[in-house]
Amino acid sequence: MGNFLFDFPEDEATRNAVPIPRRESVMQAVHRFEEIATKPESPVRSIRHMPAREGQYVAIPEGVDSKLANALVSRGIKRLYSHQAAAFEHVYAGRNVVIVTPTASGKTLCYNLPVLNKLLEEPGARALYLFPTKALAEDQLNELHGAVEQMGSDLKCFTYDGDTPQDARRAIRERANVVLTNPDMLHSGILPHHTKWAKLFENLQYIIVDELHYYRGVYGSHLANIFRRLKRLCEFYGSKPQFICCSATIANPKELAERISAEPFSLVDVNGAPSGEKFFVMYNPPVVNRQLGIRRSYLHESRKIAIEAIQRGQQTLVFANNRLATEILITYLKDAIEKGPTSQGMIRGYRGGYLPKERREIEAKLRSGDIRGVVATNALELGVDIGSLDAVVLAGYPGTIASTWQRSGRAGRRQNTSLAVMVASSAPLDQFIVENPEYFFGQPPERATINPDNTEILINHLKCAAFELPVKEGEKFGPHDTGELCQFLADLGLVNHSAKAWHWTSDSYPADAISLRAVTSDNFVVIDMTKDNAVIAEVSFPVALVTLHEKAIYLHEARQYQVEKFDYEQRKAFVRRVDCDYFTDAIDYTQVKVLEEIDQRPIQMARACHGDVRVNRQIVGFKKVKFYTLENIGAGNLSMPEQEMHTTSWWLHFPAAFLNQMEAYTPSERANGLAGLANALRAVASMLVMCDPRDIGTALTEEIAGGVVAWEPNLYLYDTYPGGIGQSQPLYGQTKRLIEGAEELISRCSCEAGCPSCVGPTGEIGEKGKAAALFVLGLLRAGVAPAIASDEVPF
C-alpha cells in the first residue's frame, strides 16, 4: 500500500490496539500523518496545527437578574466569555445583534441570557426561537428547562412543530413564554392562525434565529418573506420584537441578517471562548489512473482512517454527505469494529429519518462514551450537544467552508486535543479545496446570498399575507408597493378590493402550496411501483426534469430507483427499486439570451458582465456515471418539453480578437476549452456563494457580431431558479477570485488531459480541452488584475 496511510492489515491493528490517553492517542495519529506527508506523491496535502487558546472573560453584567446570575454560578458559570457579555449589552440597549463565533463557543448563552432576563423582569413577555432542525430545537429546549429549573422559575418553554400532539397545542399557544419552532411551522402553522396566537404576537419581545448561515439561497429568500409577514402581524398586534441571530463564520453575516430581517444589526465577531489544541488534515486519495484522473475511493479511505482512530481509543464521528454514503460507511465500520458480543452497538448511524427517541439515545450514549463511533449526515452538524469527541472524519467536502468548520468543531468541544481529517472525493469542489488549502484556512471567501424580491417567492408570500390580514391601500410588503401586485392576484380571482383594502376570497390555503426549499410550487410526486404505488417523495418542477426523466436512476433514502414512466401532464413519476452501481446525469441543450446587461467591465480583450437573461432549456439525453469514480459508462437519448425561464446570470464575452490569440487550437478545440472552463468556473462559483453546484447552470452560446454570424461566444453561469436567487451580482464582484480559483483548480489537477475533478472527462472536452481552458485563463488572468482588482467586492 506504499502511498497509503495504513500499511498494516486491519486484523493485526485490532490485536495490537491498546487503550492510551486521549491526547497521546491523537498525537500518535498526527505523527502518522506527518510521516506520510514526507513521502513522494503523498495523499496528505496539508496538516494545520491550531494551538489551544485562553478564554477572554468578563464579569456577569449588573443588568442580569440575581436569580439568573445565581443559576449561572450554580452551573459553574461565574464569568461570561467576552462575546457573550457584548451580545447581552447590545440586546439590553435595544439593538438587534448577530453573533459570529466558532462551534462550541457558547453562542446559546448569547441569546438565552437576555431572553431569560427579560422574562424574569416581565413574566408576560414572549420569545420565538427559530431552529433549522427539530433535533436542535429539542436540544435547546433541554438547555432552557435546565436553566429555568435552577432559577426556581415557572417560565414555560415548549417546542412547536409537526410532532407536537394536537391536544398540547392549545396549551402552548396560551401559556408558552418561549416557543421553539422552525421556519416551516412558522410559515404554515403559526402565521396563518395568528388569531389563536394573539398572546404571542401581542407580547413578542425577541426573535431568535440560530444557525443564520443555514438560511441562504432559496430557503433564506423564503425566510425573509416570512419575516415580512411576521413583522406585519406584530405591527397589527402592537409589538416590535428585537432580533438575535447566531451564525457560523461567513464573509457577510451582518449583511445577511439585515437582508433577511430588513432591520439594522450590530455585529459581535470577536470570540472570547477558550479552545483546545486542534489538528486539521487534508487528505486526497491517491490517483489510481492518471490518464482519467481516477482516485482511490474516498469512502474506502475514510473507512480506514476512522477504523484506526476508533481502534486507538478515539471517540470518532464520521460525516458523510448523503444517506447512501452514510449507510455504506456504517456497514464498513460495524464489520470492522463489532467483532464480538461485547462490542455490539459501539458503531451507530445518525441521520434524518431516525425516530426522535432513537436520536436522543445516540446523543446520550455519545456523551457518556458508550458509543465509540458514529456515522452521520449533516443532522449532527448543527449545535446538538454530543459531548467531547476526539476525532472527526469528513468523507467528502461538505460543500461550504462554514459547514466544514461546523463539522470539524464537533471534536474537542471541552478544550481537549482533537483531530479532524477531510478526505476529498473526486468532485471538482473537493479537489479545489484539498489542493488549495490556503483558500480554506485563509479569510473566508464565502458570501451567503438571498433574493427575497424574487417575483415567484414574493407573490406566493403576498398571497399568504393577504390570507392572514387584508392588504391596505398604500401598504408596502417589504420595499414593494402592493397595488399592482394585489391587482394581479385579483385578476387570478384570489383577492377582492373593498373598503380600501384587498381581502382574500379564495377557498385555498396558500401556505400549503409553498415549499420553502423551492421557488415554484409546481411539484412532481414520485410513485413507487414496487410498493403498491405508494408516494415516496415530492420533487420540485425544475429538479424533476433532470432527475425523474424516463430511465433515470432516482436516489431516495439511500435506495436506488429506476424511473419507468414520466407523466409530464399529471406531474407524476413512476419508479421501481433497482440495485446498480451508477447514477444518471441529464444532458441538456441550453440557449441563453441576454435581456438586460446591468454592468460590465473589460478583462484583456474579453468582458465580464452580469444581468438578466432568458434561458431556453431542453433535456435531450442522459449519461450513466459510475459511483465514486465518476466514470461515464453509458448514455441514452430523451425528448422532453422545452422550458423557458427568466433569471439572472454572470457571463464572460469572448470577441473574435480574443479568440484569435488561440491560433494553436482549432475552432472545436477552442469550444471544448471554453466548455471545460465553464465546468471549473461553476465549481469555484458554488464555493464563493455557498450554494450547491446544481444551483448554477452553465451555457456556451454563439453570438452574432456586426450582422454576420461569427463565433463570439458568451460563457454563462446562471441561476437555475426562475427570477434568480441573488448569486450573479456577488459573482460579478468576485470575478478576479473566480478566474484565479478556476486556474488553480485546473492547473493543480494531476490528470493529463481532463477529468471529472477539473474540466470534465476527455471524452466530453477532447484531448486538448484542459490545455485550451488553461490558455484562456492565462490570458484572462493577465488582464484581470489591472481591470478589476481596484473595485473588487470586499470580504
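The values are calculated or read from the model by the stated rules, or taken from the named source; none is laboratory data. Model, not experiment: these values are computed from the prediction. In this analysis, Cβ positions are derived from the backbone assuming ideal geometry, glycine residues included, and neighbour counts consider all displayed protein chains. We work out accessible area using only protein heavy atoms, side chains counted, and drop any ligands, DNA or RNA first. Shrake-Rupley method; radii C 1.70, N 1.55, O 1.52, S 1.80 Å.
So which helices of the chain fit the span-like rule, where a helix is a whole DSSP H run, its Cα atoms reach 24 Å or more along the axis, and its mean Kyte-Doolittle is at least 0.0?
Numbers: long enough: 134-151 (26 Å, -0.51); 217-237 (30 Å, -0.09); 667-688 (31 Å, 0.39); 769-788 (27 Å, 1.52).
Those that clear 24 Å and a mean of 0.0 are 667-688, 769-788.
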Among beta bridges assigned by DSSP with both residues in the chain, the antiparallel ones amount in percent, to the nearest 5, to 60
Would you mind putting 569-577, 527-535 in packing order, based on average other-beta-carbon counts within 10 Å, highest first?
569-577, 527-535
Sort M346, M640 from largest to smallest accessible area, using a 1.4 Å probe on the heavy atoms of the protein chains.
M346, M640
Residues E121 and D370, FRET efficiency given R0 of 45 Å [Cβ-Cβ distance, rounded to 0.05]
0.60
Would you grab the residues whose amide H sits under 5 Å from the one on L419? Only those 5+ places off in sequence or on another chain, please, with H modelled 1.01 Å from N.
F279, A391, V392
Heavy-atom accessible area order for W711, W651, largest first, 1.4 Å probe
W711, W651
Long-range amide H partners of M690 with built H, under 5 Å
R447
Considering only the other residues whose Cβ falls under 13 Å of the Cβ of H497, what net charge follows from Lys and Arg at +1 and Asp and Glu at -1?
-2
Where the accessible area of segment 45-136 is counted over protein heavy atoms with a 1.4 Å probe, how much of it, in %, is carbon and sulfur?
49
How large is the convex hull of the Cα atoms of segment 536-584 per residue, expressed in Å³ as a whole number?
71
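Just to be sure I follow: if Rg is taken over the C-alpha atoms of the chain and Rh is the Kirkwood radius over the same atoms, what is Rg/Rh?
On the way: Rg = 27.2 Å, Rh = 28.3 Å.
A ratio of 0.96.
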So how far, in whole Å, is the C-alpha centre of segment 578-622 from the one of segment 630-648?
12
Among H497, Y509, F524, pick out the residue whose Cα is farthest towards the positive end of the charge dipole of segment 488-533, where Lys and Arg carry +1 and Asp and Glu carry -1 on C-beta, about the Cα centre.
H497
About its Cα centre, segment 484-529 carries a charge dipole, from +1 on Lys and Arg Cβ atoms and -1 on Asp and Glu Cβ atoms, whose size in debye to the nearest 20 is 200
Can you figure out the FRET efficiency of H49 with N142, using R₀ = 56 Å and their beta-carbon distance, to the nearest 0.05?
0.95
Using per-residue counts of other Cβ atoms within 10 Å, averaged over each peptide, order 86-94, 56-64 from highest down.
86-94, 56-64
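Test of understanding: what is the full-extension gain from Q570 to E538, defined as 0.36 nm times their sequence separation minus their Cα-Cα distance?
Working: separation 32, 0.36 × 32 = 11.52 nm, distance 1.32 nm.
Here the segment from Q570 to E538 would lengthen by 10.2 nm.
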In debye, nearest 20: dipole of the chain around its Cα centre with unit charges on the Cβ of K, R (+) and D, E (-)?
1720
Rough spin-label spacing in nm, given labels placed 7 Å along Cα→Cβ, for A37 and A198:
6.5
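Here is the link list: K593/K623; K196/K231; K531/K626. Which ones come out longer than 22 Å on Cα distance? Spell out each step's value before the answer.
Numbers: K593/K623 26 Å; K196/K231 17 Å; K531/K626 27 Å.
The pairs that break the limit, which is 22 Å between Cα atoms, are K593/K623; K531/K626.
At R0 = 45 Å, how high is the FRET efficiency between E597 and E473 if r is their beta carbon distance? Nearest 0.05 is fine.
0.80
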Rounded Å value of the spacing that divides the Cα centres of segment 270-343 and segment 483-511:
55
Charge dipole (segment 387-439, unit charges on Cβ, about Cα centre) - positive-most of A427, Q415, V392
Q415
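Which entries in K39/K770; K134/K254; K78/K107; K304/K365 show an alpha-carbon gap greater than 18 Å? Mind showing how you got there, number by number?
Details: K39/K770 28 Å; K134/K254 25 Å; K78/K107 16 Å; K304/K365 23 Å.
Cα-Cα > 18 Å for K39/K770; K134/K254; K304/K365; rest within.
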